[in-house]
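Have a look at the structure below, then the notes.
The values are calculated or read from the model by the stated rules, or taken from the named source; none is laboratory data. As the structure is a prediction and not an experimental result, all values here were calculated from the model. All Cβ positions, even for glycine, are placed from backbone atoms using ideal geometry, and neighbour counts span all protein chains on display. Protein only, heavy atoms only, side chains kept; ligands, DNA and RNA dropped before computing areas. Shrake-Rupley method; radii C 1.70, N 1.55, O 1.52, S 1.80 Å.
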Amino acid sequence: MPSPTLSVVNFSALADDDVHPAIRAVNRQIREDFAPIWGAVWDLRLHGSSFDASDPDALSEEFVQGEAVLYIVDESHLAGAAGYHALNGREIPFGFVFLTDPNDWTVTLSHEALELIIDPTVNVLVPGPDPRPGRAGNTVLHAYEVCDAVERTSYLIDGVRVSNFITQQWFVPDDAPATRNDFL
């Protein structure tokens, strides 16, 4: 049975030849690092589009070749954001990777891809420990965002920087022996 497809559409100034190595690295990350921990495998594939990306709200009309889509664009339409993911008007999971930092966009591609895989409907909340100082023992609801808690850390696959991600253990109040909270 084939894996679900996460389409990558390059609307940026990057050449597709610059996007392919990032897609290969994220696909390796998904299969070798992420799937053994989370049990989910999707394939990123570069797809073309004739759609005009200047109107992000109108993207709900675009035909998507996979189960979800990530758009790579030059400029952010959200102040301070490197990327995000959501559902469009047709309830298709989508995300944006903004080239705000030309040396770091691959981490955002990895980050948004992993989060779309785990929570494609962008609506899952899970109970877990309260991360605020002095609140030990409290349980709070966390968005099922597998990269946000460790978004400042990354690692290399084939010379391409990809995002660190948390494990299910992150949502458990105490560390059990021989477990880890994140991949790194």
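Just for region 66-102: of the residues that are among the aliphatic types (A, V, I, L, M) and in a strand (DSSP E or B), which one is most open to solvent (accessible area, probe 1.4 Å)? It would help to see each step written out before you state the result.
Of all residues in region 66-102, those among the aliphatic types (A, V, I, L, M) come to 68-70, 72-73, 78-79, 81-82, 86-87, 92, 97, 99.
Going one step further and asking which of them are in a strand (DSSP E or B), we end up with 68-70, 72-73, 86-87, 97.
Working: Ala68: 0, Val69: 3, Leu70: 0, Ile72: 0, Val73: 14, Ala86: 26, Leu87: 67, Val97: 0 Å².
Once the filter is applied, the top-ranked residue is Leu87.
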**Item:** Failed item in (1) open to solvent by 70 Å² or more (accessible area, probe 1.4 Å); (2) assigned to a helix (DSSP H, G or I), with Leu184 passing the rest
**Value:** (2)
**Message:** Quick check on region 140-162: of everything there that is in contact (Cβ under 8 Å) with a residue 40 or more places away in the chain, part of a loop (DSSP other than H, G, I, E, B) and open to solvent by 60 Å² or more (accessible area, probe 1.4 Å), which residue is farthest from Ala35 (Cα to Cα)?
**Reply:** Gly159
**Message:** I'm checking my understanding of the structure. Among residues of region 113-139 that are open to solvent by less than 40 Å² (accessible area, probe 1.4 Å) and touching a Phe, Trp or Tyr at 6+ places or on another chain (Cβ under 7 Å), which one is nearest to Val172 (Cα to Cα)?
**Reply:** Gly128
